[in-house]
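The next block holds one structure in the form of structure tokens; read it before the comments.
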Amino acid sequence: MQHLSVKPAECAMVAAHIFDLGAAQAQGMRTIYVRRETEDAPEVRASVRPKAEGGEVDMVVDSLEELAQALHCA
């Protein structure tokens, strides 16, 4: 962010590990969780919710394609 001269609130961390997103959120970044079968345990993947539903991340998606559609990039 420093090298790009952008503020944390102008960025989003996209990750398949909830603990990575916690660190990004602590820095003020928006957070997007991607559910991937090969990453977090099934019970973790099932429990992650967006803030709009009382969860801890800004957005939850099941694929990068879904993320692109949600961001109107596809």
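The values are calculated or read from the model by the stated rules, or taken from the named source; none is laboratory data. Please read these numbers as outputs of a predicted model, since none were measured by experiment. Positions of Cβ are backbone-derived with ideal geometry, glycine not excepted, and every protein chain shown enters the neighbour counts. For accessibility, only protein heavy atoms count, side chains too; no ligands or nucleic acids. Shrake-Rupley method; radii C 1.70, N 1.55, O 1.52, S 1.80 Å.
For this structure, a couple of remarks:
- Within segment 26-46, residues that are among the acidic types (D, E) have Cβ atoms under 9 Å from residues that are open to solvent by 60 Å² or more (accessible area, probe 1.4 Å) in these pairs: D40/F19, counting only partners at least 6 apart in sequence or on another chain.
- Residue in segment 62-73 that is touching a helix residue (DSSP H, G or I) at 6+ places or on another chain (Cβ under 6 Å) and on the phi < 0 side of the Ramachandran plot present: no
- Within segment 1-16, the residues that satisfy the criterion of being at pLDDT 90 or above and open to solvent by 40 Å² or more (accessible area, probe 1.4 Å) are H3, L4, S5, V6, K7, P8, A9, E10, A12, M13, V14.
- Contact annotation: residue pairs with Cβ atoms under 8 Å, 6 or more positions apart or on different chains, pairing a residue in segment 1-12 that is under 9 Å from G28 (Cβ atoms) with a partner that is open to solvent by 50 Å² or more (accessible area, probe 1.4 Å) and in a loop (DSSP other than H, G, I, E, B), are K7/M1; P8/M1; P8/Q27; C11/M1.
- Count of segment 40-63 residues which are assigned to a helix (DSSP H, G or I) and either of a type in the set (D, E, K, R) or surrounded by 13 or more Cβ atoms within 10 Å (Cβ to Cβ) (or both): 5
- Hits in segment 5-16 - residues which are closer than 21 Å to L64 by Cβ and in a loop (DSSP other than H, G, I, E, B): C11, A16
- Residues being exposed (fewer than 14 other Cβ atoms within 10 Å of the Cβ) and either at pLDDT 90 or above or in a helix (DSSP H, G or I) (or both) - total across segment 17-39: 5
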